[in-house]
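The values are calculated or read from the model by the stated rules, or taken from the named source; none is laboratory data. Because the structure is a prediction, the values reported are computed rather than measured. Please note: Cβ atoms are built from the backbone with ideal geometry, for glycine as well, and neighbour counts cover all protein chains shown. With ligands, DNA and RNA removed, areas are computed over all heavy atoms of the protein, side chains included. Shrake-Rupley method; radii C 1.70, N 1.55, O 1.52, S 1.80 Å.
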Amino acid sequence: MKEVNEYATMMIFAGHADGMVSGSIHSTAATIRPALQILGTKPDCSIVSSVMFMCLEDRVLVYGDCAINPDPNAEQLAEIAISSAQTALVFGVEPVVAMLSYSTGASGTGSEVDKVRQAAEIARKKAEAVLPNLKIEGPIQYDAAVDASVAKTKLPNSEVAGAATVFIFPDLNTGNNTYKAVQRSSGAVAVGPVLQGLRYPVNDLSRGCTVTDIVNTVAITAIQAQSQKGVKYED
């Protein structure tokens with residue numbers, strides 16, 4: 001309890017705090033490990049994941065997972081999709097979920113495409129209990145997910161194609177590089193990573209963070225805490 005992250009996490013566990021922001025002088029592992037050990041995950045989640053809010057000139061897109069899970073399996077990818085959709089809702093983004101791959105629909109084959117296809121099927125079943133009207137498409141390529149003209153050619157009968165707001169990447173390598181490429185190439189403001197799946201809000205800062213990053217992350221954590229007020233989990 002002499003370590004600040006352990007102490008702060010125990011404050012949440014004891015009900016003296018609603019959330020935690022750390023990481024400006026600590027590693028991601030040092031921030032997340034106490035949260036997993038002391039708080040654990042939500043009852044319907046087996047993993048912790050993250051999203052980035054990509055703030056463009058005309059809209060906000062949600063990218064997940066770009067920071068935590070190196071190579072999620074189909075079940076984990078489905079959980080990331082549901083968690084990301086729920087996080088999007090908390091922050092006022094209507095979730096329309098695209099589960100990304102190098103193939104759209106039935107146009108391609110391969111183990112990675114099959115993983116995304118299976119994950120999309122699992123996510124649809126999971127959504128029936130928590131977000132029954134959630135629209136999920138996968139596998140789908142990024143251009144078909146975001147561009148209506150491309151969507152008409154590649155997947156004309158999809159409710160998601162061309163209208164996606166939540167983008168689920170198949171692995172950390174793809175997600176992390178894509179969000180940084182979009183951020184640097186388009187001038188988008190990337191806010192996050194915002195952690196999800198924990199029983200109570202804990203968020204991690206980069207050790208290269210700015211004052212603005214800290215303020216944004218504190219505000220995000222407060223909003224997450226407000227959305228969870230009154231939600232109690234059985235031990």
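Some points to look at:
- Helix-only mean residue ellipticity at 222 nm for the chain, each DSSP H run of n ≥ 4 adding -39500 (n - 2.57), per residue, nearest 500: -13000 deg cm²/dmol
- Cα gyration tensor shape for the range 3-49, rounded if a/c is under 1.5, else prolate or oblate: oblate
- A simple charge model with +1 on the Cβ of Lys and Arg, -1 on the Cβ of Asp and Glu and nothing else charged puts the dipole of the chain at about 140 debye relative to its Cα centre.
- Whether the range 79-152 is rounded, prolate or oblate, judged on the alpha carbon gyration tensor where a/c under 1.5 counts as rounded: oblate
- Label-reachable residues, the range 60-97, where backbone N falls under 20 Å from a point 7 Å from Asn177's Cα toward its Cβ: 63-73
- Accessible area per residue in Å² at 1.4 Å probe, computed on the chain: 50 Å²
- Rounded to 5, the percent of DSSP beta bridges in the chain classed as antiparallel: 50 percent
- For the residue pairs Lys2/Lys126; Lys125/Lys229; Lys42/Lys152; Lys2/Lys42; Lys125/Lys152; Lys180/Lys229, the C-alpha atoms sit more than 29 angstrom apart in Lys2/Lys126; Lys42/Lys152; Lys180/Lys229.
- For the options Ala148, Ala98, Ala74, a Gaussian network treatment of the chain with springs between C-alpha atoms closer than 10 Å singles out Ala148 as fluctuating the most.
- The portion of the accessible surface of the chain made up by carbon and sulfur, rounded to a whole percent, is 52 (1.4 Å probe; DNA, RNA and ligands excluded).
- Highest-MSF residue in the chain out of Pro156, Pro72, Pro95 [GNM, Cα springs under 10 Å]: Pro156
- Convex hull per residue volume in Å³, alpha carbons only, for the range 115-191: 112 Å³
- Each semi-axis of the equivalent ellipsoid for the range 1-86 is √(5λ) with λ an eigenvalue of the Cα gyration tensor; in descending order they amount to 25, 17, 13 Å.
- In the calculated pair-distance distribution of the chain, the portion above 22 angstrom amounts to 51 percent of the Cα-Cα pairs.
- Using the Karplus relation 6.51 cos²θ - 1.76 cosθ + 1.60 with θ = phi - 60°, the per-residue 3J(HN,Hα) values for the range 63-70 come to 10, x, 9, 10, 9, 10, 9, x Hz, with x marking Gly and Pro.
- Estimated vicinal HN-Hα couplings, Hz - the range 133-140 in sequence order (Karplus 6.51, -1.76, 1.60; Gly, Pro = x): 9, 5, 9, 10, 10, x, x, 8
- For Ala17, the residues 5 or more places off, or on other chains, whose built amide H falls under 5 Å of its own are Ile12.
- Among Ala225, Ala85, Ala181, the largest mean-square fluctuation in a Gaussian network model of the chain (Cα springs under 10 Å) belongs to Ala181.
- Projected onto its three principal axes, the C-alpha set of the range 149-235 covers 47, 36, 21 Å, listed from the longest axis down.
- The angle between the Cα long axis of helix 4-13 and the longest principal axis of the Cα atoms of the chain comes to about 80 degrees, rounded to the nearest 10.
- For the range 45-59, backbone phi angles converted through the Karplus equation (6.51, -1.76, 1.60; θ = phi - 60°) give residue-by-residue couplings of 10, 10, 9, 9, 9, 8, 10, 10, 8, 9, 8, 8, 4, 10, 6 Hz, Gly and Pro being listed as x.
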